[in-house]
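Okay, so here's the structure we're looking at.
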Amino acid sequence: MKHTISVLVENRAGVLSHISGLFSRRGFNIDSLAVGETEDRDVSRMTIVADGDDYMVEQIEKQLNKMIDVIKVRTVANEDLIRRELMLIKVSCTAKNRGEITDVAKIMNAKIVDITKDTLTIEIADRPNRLDLLIELMRPYHIQEVSRTGTIALQRGSSIIGK
Amino acid sequence: MNGAAAMVKCLEKEGVTVAFGYPGATICPFYDELAKSSVRHILVRQEQNAGHAAGAWGRMTGKPGVCIATSGPGATNLLTALATAYMDSAPLVAITGQVSSELLGRDAFQEADITGAAASFVKHSFLVKHSEELPRVMREAFYIAGTGRKGPVLVDVPVDVQNGVVGRFHYPEAVSIRGYNPTLRGNQLQIRRVVAAMDEARRPVICAGGGVFGSLARRQVRLLAERCRIPVACTMMGLGALPTEHPLNLGMLGSQGGALANEAIRCSDLLIILGARVGDRAVTQSGILEKDTRVVHIDIDPAEIRKNVEAGIPLVGDLAQVLDQILEEGPRPHGDVWTEGLHLPKDDAAAFGLAREGFVNPRRLVRAISARMEPEGIYTADVGQNQIWSARNCLIREGRFLTSGGMGTMGYSIPAAIGAALAAPGHQAVAVCGDGSFQMQMMELATLVREQIPVKIFVLRNGCLGLVREIQDERYGGNRMAVDLSGSPDMTALAGAYGIPAARLDRDEEVDGAVRRAFDTPGPFLTECAVWPGEDTHQLLPEKEERL
């Protein structure tokens, strides 16, 4: 089962490697990890999506909490989260199918952000499964490159994972 | 002042009186200042032993021991000691020199990414970038190492940071780290649940772990056991929580433990775990815990709860405080001590018979050494057969039993005895090791001589790596490979070369005299004790006595 773990950490050198190292040392697999500053520049938020059972999640939370640079850890059920991911995808195109690809992008609420005579680069920011769908839809046109940011998330409603 | 002077001043502010180390180029500014301070520096002969000595010092005092090494190989040599301290929750601050900041990451001479390498073996680490940060970092390092679940903290200081200017030295009194707030007081609701469970239980057993010493809770454990008449089984790290001969002491539990402790846990209806991580060797793999036994797990580290054992009643807090809270609730005294009906041995006394001609019985020897020590004496055991014989048969009274319980690090006993002896001056310190482990630490004989530390060393010499030999005999069809230690030196002659008086012991009848002689001789002393190579560590139940 996939779990989304939101971690507030001190914004310091070495913290990212320290935390990702903890996952590998303890045998936990990370699906995605996204990190960036928060409204407080001294604090970063890491959003980690990991696959595992409840025992594993409990262990991860506790081990993360033990780290001095970790301020707060919270695992939130996916239905209670607004989850987003950003993706850039570069596909081959010809004069003939360019219109078709543009249509698909439009239906998916994606943007064409770069164009050459034989490629299109599309940007999409949406739920991770919508990104997967766009990849599937683009496969017939030959995908040249994909870059994804990893999932970021905040809780729905007024509750926050604050310091 | 410069950064180095500030660091030394921090040590003085922390009340550090002894530091163990080995200098090198990148830590020279620090040593230059250390020379001017009141801190006594013990020069070891290999950095790992500085770490073990400091860790043992920490385990004795409850406050962080200090070790120092230079960058690169000096720092990497510390790693095993850091891992040892981490596993046994020994409070320790390790200070390492580092190459100059502008060279970091360029693979400079004697550069090692030690904060990276040590990441999984330390509670926390700092790579100091600015001299001005040093007082705060040092304060935080001592605070983190010595509070909560204690452990090693690494402070890595580039040489230019040691030489840089600290304008105004300010040592912060209070520490505020938002990501670090250990829970000390137990939740009152959980406390009441624990007391209710204790009152309801008919066959309760306390399992005392290393946390009893980490939290300086020995008095409270004894009080609780005596007041409620609950018997106490100890993990290897918890040995000495109650005196060995205390009527409520069941001895050591686990796969290397005694029959009484294990049977008591198997039959219990309530297991009260005090400051123990319930390691694989102690409980989980030994299969002694029945499924329907209720478990109370008290630990300062929330991550230990439900890691290895399902706890019906978890309770996070500092053991001494939590036990005070429990005692305040007035748990009811039980009637007869229920384990008195279990007629099982808690040690190997049944196998204290005479050894073969030319050898001594190691179980009996261990008992004789510990019995002859003063009650407050410190016994350090190494790793291997000597550890198991020691753990099961050492007679502990008010003193301490120190060994590398979690990591099982060979070469621990002598440096640990050095650290412990300096932490408890005036008390006797004994190091018991095998001929394998002795040769991993024998360079420290020089430290004993130079510093005139009166450690009494007993080397149990059986000419082989006995515990590995046992595994090979049991599980690999007796295919003995790489366990023969022939080529080892005459250890009494070796001690003599260092100027340490020594004796050889190979007759059971001479054990008492040999032990007395070691204690009566001032300063360090080495006794080489011949042990039959075929001697095993198996638990000796009465019906199996004929095996000897």
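A few points about this structure:
- Some residue of the range A:130-141 being closer than 21 Å to A:His3 by Cα, assigned by TED's automatic domain parsing to the domain that holds A:Arg98 and not in a helix (DSSP H, G or I): no
So that you can scan it fast, the table gives a plain yes or no per residue for (1) modelled with pLDDT of 95 or more; (2) of a type outside the set (Asp, Glu); (3) closer than 23 Å to B:Phe109 by Cβ; (4) part of a helix (DSSP H, G or I):
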site	(1), (2), (3), (4)
B:Thr26	yes, yes, yes, yes
B:Ile42	yes, yes, no, no
B:Asn49	yes, yes, no, yes
B:Ala83	yes, yes, no, yes
B:Ala90	yes, yes, no, no
B:Gly97	yes, yes, yes, no
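- Residue ID - surrounded by the most Cβ atoms within 10 Å (Cβ to Cβ), chosen from residues in the range B:39-73 that are under 29 Å from B:Ser100 (Cβ atoms) and polar (S, T, N, Q): B:Asn49
- In the range B:147-183, the residues that are acidic (Asp, Glu) and at pLDDT 95 or above: B:Asp156, B:Asp160
- Taken over the range B:199-219, residues that are closer than 29 Å to B:Gly399 by Cβ and either within 14 Å of chain A (Cβ to nearest Cβ) or crowded, with 21+ Cβ neighbours inside 10 Å (or both) amount to 13.
- On the stretch given as the range B:236-265, residues that are buried (at least 21 other Cβ atoms within 10 Å of the Cβ), modelled with pLDDT of 95 or more and in a loop (DSSP other than H, G, I, E, B) total 8.
- B:Phe109 vs. criteria over 19 Å from A:Ala13 (Cβ atoms) and in contact with a Leu (Cβ under 7 Å, 6 or more places away or on another chain): no
- Odd one out for A:Arg41, checked against (1) in contact (Cβ under 8 Å) with a residue 24 or more places away in the chain; (2) within 20 Å of B:Ile177 (Cβ to Cβ); (3) within 14 Å of another protein chain (Cβ to nearest Cβ): (3)
- Test: residue in the range B:398-409 that is touching a residue at least 24 places away in the same chain (Cβ under 8 Å), closer than 22 Å to B:Leu260 by Cβ, among the polar types (S, T, N, Q) and in a loop (DSSP other than H, G, I, E, B): yes
- Test for A:His3: is it crowded, with 18+ Cβ neighbours inside 10 Å, touching a residue at least 12 places away in the same chain (Cβ under 8 Å), away from chain B (no Cβ under 14 Å) and on the phi < 0 side of the Ramachandran plot: yes
Rundown of residues vs (1) of a type in the set (D, E, K, R); (2) modelled with pLDDT under 95, yes/no style:
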residue: B:Ala350; (1), (2): no, yes
residue: B:Ala355; (1), (2): no, yes
residue: B:Phe359; (1), (2): no, no
residue: B:Ser370; (1), (2): no, no
residue: B:Gln385; (1), (2): no, no
residue: B:Ser390; (1), (2): no, no
residue: B:Cys394; (1), (2): no, no
residue: B:Arg400; (1), (2): yes, no
residue: B:Thr403; (1), (2): no, no
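- Strands (runs of 3 or more DSSP E) completely within the range A:1-88 that count 1 or more residues being basic (Lys, Arg): A:2-10, A:43-51, A:70-76
- Residue tally, condition surrounded by fewer than 24 Cβ atoms within 10 Å (Cβ to Cβ) and away from chain A (no Cβ under 14 Å), over the range B:285-314: 13
- Selection from the range B:315-333 of residues that are crowded, with 18+ Cβ neighbours inside 10 Å and either in a loop (DSSP other than H, G, I, E, B) or not assigned by TED's automatic domain parsing to the domain that holds B:Val212 (or both): B:Gly317, B:Asp318, B:Pro331
- Verdict on A:Ile101 being buried (at least 17 other Cβ atoms within 10 Å of the Cβ), within 14 Å of chain B (Cβ to nearest Cβ), in contact with a Leu (Cβ under 9 Å, 6 or more places away or on another chain) and outside any strand (DSSP E or B): no
- Every listed requirement among (1) in a helix (DSSP H, G or I); (2) within 12 Å of chain A (Cβ to nearest Cβ); (3) surrounded by 16 or more Cβ atoms within 10 Å (Cβ to Cβ) is met by B:Asp160 save one, (2).
- When we screen B:Arg372, B:Arg363, B:Arg367, B:Arg400 for residues that are surrounded by fewer than 22 Cβ atoms within 10 Å (Cβ to Cβ), basic (Lys, Arg) and not assigned by TED's automatic domain parsing to the domain that holds B:Leu250, the only hit is B:Arg372.
- Restricting attention to the range B:103-132 and to residues that are more than 12 Å from chain A (Cβ to nearest Cβ) and not hydrophobic (A, V, I, L, M, F, W, C), the residue that is surrounded by the most Cβ atoms within 10 Å (Cβ to Cβ) turns out to be B:Ser131.
- Inspection of the range B:197-214 identifies at least one residue that is assigned by TED's automatic domain parsing to the domain that holds B:His334, closer than 27 Å to B:Leu467 by Cβ and either in a strand (DSSP E or B) or polar (S, T, N, Q) (or both).
- When the criteria are applied in full, B:Ala69 fails the requirement of being more than 14 Å from every other protein chain (Cβ to nearest Cβ) and free of Cβ contacts under 8 Å to residues at least 12 places away in the same chain.
- Cβ-Cβ under 6 Å pairs, at least 6 apart or on other chains, the range B:166-180 side within 14 Å of another protein chain (Cβ to nearest Cβ), far side in a loop (DSSP other than H, G, I, E, B): B:Gly179/A:Ile68; B:Gly179/A:Asp69; B:Tyr180/A:Ile68
- Condition check for B:Thr80: among the hydroxyl-bearing types (Ser, Thr, Tyr), within 30 Å of B:Ala276 (Cβ to Cβ) and out of contact with any Lys or Arg (no Cβ under 7 Å at 6 or more places or on another chain): yes
- Lone qualifier among B:Ala311, B:Ala303, B:Ala282 - being assigned to a loop (DSSP other than H, G, I, E, B) and under 20 Å from B:Ser215 (Cβ atoms): B:Ala311
- Being within 21 Å of B:Gly513 (Cβ to Cβ) and either of a type in the set (A, V, I, L, M) or touching a residue at least 40 places away in the same chain (Cβ under 8 Å) (or both) is a property that does not hold for B:Met440.
- Across the range A:6-38, the qualifying residues are those that are within 14 Å of chain B (Cβ to nearest Cβ) and among the aliphatic types (A, V, I, L, M), and the one among them that is surrounded by the fewest Cβ atoms within 10 Å (Cβ to Cβ) is A:Ala13.
Residues are listed down the side, and each one gets a yes or a no for (1) aliphatic (A, V, I, L, M); (2) closer than 18 Å to B:Asn361 by Cβ:
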{"site": "B:Val468", "(1), (2)": "yes, no"}
{"site": "B:Asp484", "(1), (2)": "no, no"}
{"site": "B:Arg504", "(1), (2)": "no, yes"}
{"site": "B:Leu526", "(1), (2)": "yes, no"}
{"site": "B:Pro533", "(1), (2)": "no, yes"}
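The values are calculated or read from the model by the stated rules, or taken from the named source; none is laboratory data. These figures come from a predicted structure and were not determined experimentally. Note: ideal-geometry Cβ built from the backbone for every residue, glycine included; neighbour counts use all protein chains shown.
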